[in-house]
């Protein structure tokens, strides 16, 4: 008799997945905004980024090509981490600047 994994284990695994709930179209839009198509094509050498690029053509290709999608997802996670780290630094600097101007 094969034991089935409880449904909650799948949910728990998804909660730990940083891409859970993030649409591929949103990932592409973020990367295109962050880097532009030319830089994306340089970083990830796939034709949908280098020849007449668009979100729609990239979505079609990436949905059918797991190895390319994996590269895009890795770049997204790396970029998001850098973006969040930069935001923390900006926030810390803003707090320090505010402390310097408070004369209470």
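Projected label points at residue 79 and residue 39, each 7 Å from Cα along the beta carbon direction, are separated by 0.8 nanometres.
Reported to two decimal places, what Rg/Rh ratio describes segment 34-76 when computed on Cα atoms with Rh from the Kirkwood expression? Looking at segment 34-76, the ratio lands at 0.91. Only Cα pairs under 8 Å and at least 6 apart count here; give the relative contact order of segment 22-101 as a rounded whole percent. Computed value for segment 22-101: 24 percent relative contact order.
Computed from the C-beta positions of residue 90 and residue 70, the FRET efficiency with R₀ = 30 Å rounds to 0.45.
Treating each Cα of segment 22-101 as an identical point scatterer and summing with the Debye formula, the log10 of I(q)/I(0) at q = 0.12, 0.14, 0.19, 0.25 Å⁻¹ comes to -0.41, -0.51, -0.76, -1.18.
Laboratory data are not the source of any read-out in this text; all were calculated from the coordinates shown. It should be emphasised that the depicted structure is a prediction, and the values quoted were computed from it without experimental measurement. All Cβ positions, even for glycine, are placed from backbone atoms using ideal geometry, and neighbour counts span all protein chains on display.
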